[in-house]
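I have placed the structure first, in the form of structure tokens, so that the comments after it can refer back to it.
The values are calculated or read from the model by the stated rules, or taken from the named source; none is laboratory data. On a predicted model such as this, the values are computed, not experimentally measured, just so you know. FYI the Cβ positions are ideal-geometry reconstructions off the backbone, even for glycines, and counts take in every protein chain you see. Keep in mind that these areas ignore ligands, DNA and RNA; they rest on the heavy atoms of the full protein, side chains included. Shrake-Rupley method; radii C 1.70, N 1.55, O 1.52, S 1.80 Å.
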Amino acid sequence: MTNPQDIERDYSAGHGTEAVLFGVVQHGEQRTAAEALHELQLLASTADYVVAGCMVQHRRHPDPHTYLGAGKLAELAEVVKLARSGAVICDDSLTPNQARHVETAVGVPVLDRSELILQIFSMHARTPQARLQVELAALQYEMPRLRRKWTHLERQRGGIGVRGGAGEKQIDVDRHMLRQRISAVARELKGIEQHKIREVAARPELFTVALVGYTNAGKSSLMNRLCDAGVLAENKLFSTLDTRTRPWRLPGGRTILLTDTVGFIKKLPHELVASFHATLEEALAADLLLVLIDGSSPEAAEQLATVNEVLESLHAADLARITVINKLDLVADRGSLAELWQSDQRAVAISALTGEGLEELFSSIQSQVAQVENRCSLLVPHTAGALLSHIRAKATVLSEFYTQQGCLVEVQVSPALLGRLLSEGARYAEPTDLPADAPVQLVAVDDDDDDIDEAPATTRDADDLDPPPA
Ligand SMILES: Nc1nc2c(ncn2[C@@H]2O[C@H](COP(=O)(O)OP(=O)(O)OP(=O)(O)O)[C@@H](O)[C@H]2O)c(=O)[nH]1
Ligand SMILES: [Mg+2]
């Protein structure tokens, strides 16, 4: 009988098992097998496997039944035997049927890319929410593969097929248990997510910037540099699985929020996208995205395309964004970045490590903030003087002038904060508020009340958010 703990244990790390990696690449692909499977090697070593060899087959599509062609499968079996490796890892997701064929041919356990990524997520999940999200994805991944597991066991016992046998009954029992566990995990997760939704909705009226991008691009390193956040940043894939939001004081004293979150990767298992949906949505409840790319990677353009695809699938493609090319210190030939600049001419190149380019990034962010926010002159009466400290912390004060009635401030302020200031005693300044000899000018008021009523993403009501996945 399979119990949920066993299933979780299936997703533990490789414990130094030697593994041969394999995949299918398009005809005409010039890279060596090791180059073509570079990312899979990083995934495998992050999950604690030792890469014993790499093998690719050039073909238009993987074989729908056996993934590799018959000759190549025999070659893979030979390599496994020679290297005495304990597993093979495929660069794509395998159907249960393909996995069974490969396993029969090579005689050692077969992992696919999705399973490997699930193992890494399981190793790196630290918070209760991340653990439940990974468990949910792992259970969903397991469901269609139960038959393979039992067919395999029957064969080991010398059985003659599973139909009608003990395995078949056991599959039904396991399926029932998995379904029950999936519902229990989904329920628990929903509770945590609803709490988070309330937290996001209750965020103060601060402009929020989210760091998104390919895994290992340097998101957490940049967050640490900008906010002294103490977030784990290391040369491993998927170091960060949880969303962290920290206040960030921009040069000039104004505070905004910066959010770091889970990275993306090509062919991300759909079970993970579904179970991490709420975490990604939370991160994307931002006014501005910094889309981080590792400029030193030969696959930077491909990685950017993947990030764009994921953002599109999360309906976040239209959010205001700045492309940030990171790890500039590792780029020997800056001409190699031409393709990235072409995709976004307003991209900013930085090094989170050395701090190069950060000034340019700050001014890009500040001009984005200016585009979203309202610029206006307000009179804050002396009786509502406490509002001034909110204004100084959460808005950009362009000028301040004290008069007999109160303080005249020219501000750049979020629609939500403006609404609150107006409801708590501040009002738009009028020409008569200004003494004739005052050295300041009033800024014309944008009288479009819609701006005020329309709360930005950081303060929207919980009802506006999509419900978390069941
Ligand atoms: N040389 C150099 N290394 C960097 C730079 N930024 C980050 N790194 C390194 O890149 C690796 C990954 O950095 P992280 O900040 O963990 O990357 P991440 O995007 O948060 O990665 P995940 O959380 O795994 O998705 C670490 O070893 C960092 O030290 C940079 O500007 N220059
Ligand atoms: Mg990180």
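Probe radius 1.4 Å, ligands and nucleic acids ignored: give me the carbon and sulfur share of the accessible area of region 203-370 as a rounded percent.
Looking at region 203-370 in its full context, I get 49 percent from C and S.
What is the magnitude of the charge dipole of region 231-298 about its Cα centre, with +1 placed on the Cβ of each Lys and Arg, -1 on the Cβ of each Asp and Glu, and no other charges, expressed in debye to the nearest 20?
Roughly 200 debye, rounded to the nearest 20.
Given points 7 Å out from each Cα along the Cα-Cβ axis, report the LEU422 to ALA13 separation in nanometres with one decimal.
5.5 nm
Please give the solvent-accessible surface of HIS124 in Å², to the nearest 10, using a probe radius of 1.4 Å with every protein chain present.
10 Å²
For LEU353 and MET143, calculate 0.36 nm times their separation in residues minus their Cα-Cα distance, and state this gained length in nm to one decimal.
71.3 nm
Please compute, over every Cα-Cα pair in region 203-370, the percentage with a separation greater than 21 angstrom.
Tail of the P(r) past 21 Å holds 42 percent of the pairs.
Just subtract the alpha-carbon distance of SER343 and GLU360 from 0.36 nm times their residue separation and send over the number in nm, one decimal.
Extra length from SER343 to GLU360 when fully extended: 4.3 nm.
FRET efficiency for ARG175 and HIS270, Cβ-Cβ distance as r, R0 = 22 Å, nearest 0.05?
Computed FRET efficiency for ARG175 and HIS270: 0.65.
Determine the relative contact order of region 203-370: mean sequence separation of Cα pairs under 8 Å and six or more apart, normalised by residue count, in whole percent.
24 percent
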